[in-house]
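Some notes on the structure that comes next.
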Amino acid sequence: MQIAHTITDLRHALQGRGRPALVPTMGNLHDGHLALVHQARPLGDMLVTSIFVNRLQFLPGEDFDSYPRTLQADCERLEAAGCDVVFAPSESDLYPEPQTCTVQPDPALAGMLEGQFRPGFFTGVCTVVMKLFWCVFGGAPGTAVFGRKDYQQQLVIRQMVRQFALPVEIVTAPISRAPDGLALSSRNGYLSPAERTQAIELSRALHALAQAAMQPGADIPALEREAQAALAARGWKPDYLTVRDRATLRAPAPVQAGSLVALGAARLGTTRLIDNLEF
Ligand code: AMP
């Protein structure tokens, strides 16, 4: 396995090795990331995993500085998983000057939910993903794998790829969960033992919301308010718990099983967790 720390090294490592499959990550890899790697491996002639904590997608006051950086352990796991190339650029290599050229996603999709509570987040994501695609694929065809844990993100990226006619196939992977059902996340490491026990309540709340939404005559906005209040009563600070159309993330009309997703984001102590449930 090669580790490329610069764009130049990456291009050398990829030369003549066929069509890449890419898994973009911010590192601190867990089994959810590794599942993406396993899914991606047969989708290209070679597998590239990028590890880059992207400053552009963090708001002031968020955890950019404290975000766990565990490159050596990540590389060991990636090598064991059959990754061919790790692209782990330094900030000064990926952003040698302030990245003032950015990709602005459609506010109709990217301005709601995560984009509402983390303004600028999807601009940061789209900008780095566009740049990573350019570094890895160089405009040639390839495949990139994203997790459905970040449900809105994969929709925003699909729209970007479509509208810029990028020759990159976007494949998504199901959510990997801990045995108790908590969606795996690098940020789970911030939870105290008591919070870790409690953290499953977000997923439970989404299950309950989805189930209630399927009852005939369900008043979805009222159910969403109740779900948020119930979580708040348990000490969480919810940003949103909501039922949306899977394709557009708009309020569903009509409510039809198989086309919906319940999405939630809430803070437990100082840790912000997100989860979703397609139903
Ligand atoms: P991150 O390192 O958090 O930026 O995540 C990198 C990629 O892994 C993204 O496509 C995420 O959606 C995906 N991912 C992270 N956690 C999970 C999970 N529990 N299940 C599935 N995909 C995940």
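The values are calculated or read from the model by the stated rules, or taken from the named source; none is laboratory data. Keep in mind the model is a prediction, meaning the values are calculated, not measured. Counting neighbours? That spans all protein chains shown, and the Cβs are built from the backbone with ideal geometry, glycine included.
If a residue has to be in contact with a strand residue (DSSP E or B) (Cβ under 8 Å, 6 or more places away or on another chain) and within 27 Å of Val37 (Cα to Cα) to count, how many in the range 87-127 make the cut?
4
Thr127 - would you say it is touching a helix residue (DSSP H, G or I) at 6+ places or on another chain (Cβ under 6 Å) and within 16 Å of the ligand (Cβ to nearest atom)?
On the way: touching a helix residue (DSSP H, G or I) at 6+ places or on another chain (Cβ under 6 Å): yes; within 16 Å of the ligand (Cβ to nearest atom): yes.
When the stated conditions are applied, Thr127 passes them.
Provide a single number: the residues in the range 183-221 that are within 14 Å of the ligand (Cβ to nearest atom) and touching a helix residue (DSSP H, G or I) at 6+ places or on another chain (Cβ under 6 Å).
1
Evaluate the range 236-251: report whether one residue or more is over 24 Å from Ala110 (Cα atoms), away from the ligand (no atom under 16 Å from the Cβ) and in contact with a Leu (Cβ under 6 Å, 6 or more places away or on another chain). So that I can check it myself, show each step before the final result.
Step one: filter the range 236-251 for residues over 24 Å from Ala110 (Cα atoms), giving 236.
Now restrict to residues that are away from the ligand (no atom under 16 Å from the Cβ): 236.
Subset that is in contact with a Leu (Cβ under 6 Å, 6 or more places away or on another chain): 236.
Looking through the range 236-251, at least one residue is over 24 Å from Ala110 (Cα atoms), away from the ligand (no atom under 16 Å from the Cβ) and in contact with a Leu (Cβ under 6 Å, 6 or more places away or on another chain).
Could you tell me whether the range 261-271 includes any residue that is among the β-branched types (Val, Ile, Thr), over 20 Å from Ala110 (Cβ atoms) and in a strand (DSSP E or B)? Outline the logic, then answer.
In the first step, residues of the range 261-271 are kept if they are among the β-branched types (Val, Ile, Thr); the result is 261, 270-271.
Cutting the leftovers down to over 20 Å from Ala110 (Cβ atoms) gives us 270-271.
Now narrow it down to the ones that are in a strand (DSSP E or B): 271.
Yes: the range 261-271 contains one or more residues that are among the β-branched types (Val, Ile, Thr), over 20 Å from Ala110 (Cβ atoms) and in a strand (DSSP E or B).
Which condition number does Ala81 fail, the rest of (1) touching a residue at least 40 places away in the same chain (Cβ under 8 Å); (2) away from the ligand (no atom under 16 Å from the Cβ) being met?
(2)
Cβ-Cβ distance below 7 Å, separation of 6 or more or different chains: which pairs start in the range 1-30 with a residue that is free of Cβ contacts under 8 Å to residues at least 60 places away in the same chain and of a type in the set (S, T, N, Q) and end on one that is assigned to a helix (DSSP H, G or I) and surrounded by 21 or more Cβ atoms within 10 Å (Cβ to Cβ)?
Thr25/His33
Val85 is checked against (1) crowded, with 21+ Cβ neighbours inside 10 Å; (2) within 19 Å of the chain's Cα centre (by Cα) and fails just one. What number does that condition carry?
That leaves (2) as the condition not met.
Test each condition in (1) under 28 Å from Phe58 (Cα atoms); (2) loosely packed, with under 14 Cβ neighbours inside 10 Å; (3) small (Gly, Ala, Ser); (4) out of contact with any helix residue (DSSP H, G or I) (no Cβ under 9 Å at 6 or more places or on another chain) for Ala247 and report the one that comes out false.
Here Ala247 meets the rest and fails (4).
Enumerate the pairs (first residue in the range 251-279 and surrounded by fewer than 22 Cβ atoms within 10 Å (Cβ to Cβ); second residue anywhere and of a type in the set (Lys, Arg) and not in a strand (DSSP E or B)) with beta-carbon separation below 8 Å, excluding pairs fewer than 6 apart on the same chain, so at least 6 apart or on different chains.
Ser259/Arg246; Leu260/Arg246; Thr271/Arg187; Arg272/Arg187; Glu278/Arg148; Glu278/Arg246
Across the range 35-68, what is the number of residues that are near the ligand (Cβ under 10 Å from one of its atoms) and hydrophobic (A, V, I, L, M, F, W, C)?
Matching residues across the range 35-68 total 6.
Yes or no: Arg77 among the charged types (D, E, K, R), surrounded by 15 or more Cβ atoms within 10 Å (Cβ to Cβ), farther than 21 Å from Ser186 by Cα and at pLDDT 95 or above?
Details: among the charged types (D, E, K, R): yes; surrounded by 15 or more Cβ atoms within 10 Å (Cβ to Cβ): yes; farther than 21 Å from Ser186 by Cα: no; at pLDDT 95 or above: yes.
Considered against the rule, which asks whether it is among the charged types (D, E, K, R), surrounded by 15 or more Cβ atoms within 10 Å (Cβ to Cβ), farther than 21 Å from Ser186 by Cα and at pLDDT 95 or above, Arg77 comes out as no.
If you take the residues in the range 131-179 that are small (Gly, Ala, Ser) and more than 8 Å from the ligand (Cβ to nearest atom), which one is nearest to Pro105 (Cα to Cα)?
Here is the first cut: in the range 131-179, the residues small (Gly, Ala, Ser) are 138-140, 142, 144, 147, 165, 173, 176, 178.
Of the ones still in play, those that are also more than 8 Å from the ligand (Cβ to nearest atom) are 138-140, 142, 144, 165, 178.
Working: Gly138: 21, Gly139: 20, Ala140: 22, Gly142: 21, Ala144: 18, Ala165: 14, Ala178: 32 Å.
Ranking the candidates gives Ala165 first.
Being among the acidic types (Asp, Glu) and buried (at least 17 other Cβ atoms within 10 Å of the Cβ) is the filter here; which residues of the range 51-74 pass it? Write out each step before concluding.
First, pick out the residues of the range 51-74 that are among the acidic types (Asp, Glu): 62-63, 65, 74.
Residue satisfying the conditions is Asp74 alone.
Looking at Tyr240 and the list (1) closer than 30 Å to Ser66 by Cβ; (2) loosely packed, with under 14 Cβ neighbours inside 10 Å, which single condition is not satisfied?
(2)
In the set Pro238, Pro252, which member is outside any helix (DSSP H, G or I) and at pLDDT below 95? Full working, then the answer.
Working: Pro238 fails: at pLDDT below 95.
None of the others qualify; the one that does is Pro252.
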